[in-house]
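Below: the structure, in structure tokens.
We did not get these values from a lab; they are worked out from the coordinates using the rules stated. It should be emphasised that the depicted structure is a prediction, and the values quoted were computed from it without experimental measurement. Here the Cβ positions follow ideal geometry from the backbone for every residue, glycine too, while neighbour counts run over all protein chains shown.
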């Protein structure tokens with residue numbers, strides 16, 4: 001089975017470790033800034049890496065782009081907060097803005113696609 005590996009496909013352990021550290025730093029930056037504006041360009045600048053390299057590494061490491069990864073975490077955060085709230089306490093818009101969503105139509109569409117229900121349905125069910 002090892003004979004099937006082509007030497008060009010093998011990646012030195014030092015490169016894997018450095019990529020893992022880079023991805024852990026990127027993930028920490030994203031998780032620390034879920035409710036603040038953060039762009040791929042901001043990540044690249046902070047990590048001293050090109051946008052193309054960052055996108056490639058994210059795809060390899062997480063199976064998605066940096067922006068998709070950020071959006072997934074933000075949507076999950078919104079859902080948790082909606083489930084912990086009642087309509088008398090807050091609004092969907094208020095929570096969405098807290099998590100960094102500014103375009104409510106696109107947010108609602110993305111939320112429904114991810115969870116199979118609208119954000120307002122989630123909030124109503126938590127009551």
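Within 10 Å of each residue's Cβ, count the other Cβ atoms and sort 38, 82 from fewest upward. Walk me through the numbers before you get to the answer.
Numbers: 38 19, 82 24.
Lowest count first: 38, 82.
Angle between the Cα long axis of helix 104-115 and the longest principal axis of the chain, 0 to 90 degrees, nearest 10?
Approximately 70 degrees, to the nearest 10.
Between helix 13-32 and the chain, what is the angle of the helix's C-alpha long axis to the longest principal axis, kept within 0 to 90° and rounded to the nearest 10?
For helix 13-32, the angle is close to 10 degrees.
Can you give the FRET efficiency for residue 115 and residue 27, using 1/(1 + (r/R0)^6), R0 = 22 Å, r = Cβ-Cβ distance, to the nearest 0.05? Each step should come with its number before you reach the end.
Values: r = 22 Å, r/R0 = 1.01.
FRET efficiency, residue 115 to residue 27: 0.50.
Tell me, in nm to one decimal, what length is gained between residue 68 and residue 40 on full extension, where the rule is 0.36 nm per residue of separation less the Cα-Cα distance?
So the chain would gain 9.0 nm between residue 68 and residue 40.
What number does the chain give for Rg over Rh if you use C-alpha atoms and the Kirkwood radius?
On the way: Rg = 18.6 Å, Rh = 16.6 Å.
Rg divided by Rh gives 1.12.
In nanometres, what is the gap between the two model label sites at residue 90 and residue 52, each 7 Å from Cα along Cα-to-Cβ?
Going by the 7 Å Cα→Cβ label model, 4.1 nm.
With only alpha-carbon pairs counted, each pair once and no self-pairs, how large is the Kirkwood hydrodynamic radius of segment 43-98 in angstroms?
Over segment 43-98, the inverse of the mean reciprocal pair distance is 13.1 Å.
Please arrange 42, 32 by counting, for each residue, the other beta carbons lying within 10 Å of its beta carbon, fewest first.
Taking fewest neighbouring Cβ atoms as first place, the list is 32, 42.
Residues in segment 17-39, backbone N under 18 Å from the label point at residue 76 (7 Å along the Cα-to-beta-carbon vector): list them, ranges by number please.
Residues 23-36 fall inside that zone.
Helix 66-83 versus the longest principal axis of the chain: what is the Cα-based angle in degrees, 0 to 90, to the nearest 10?
It works out to around 30 degrees.
Between 55, 45, 79, which gets the highest mean-square fluctuation from a Gaussian network model of the chain, Cα cutoff 10 Å?
45
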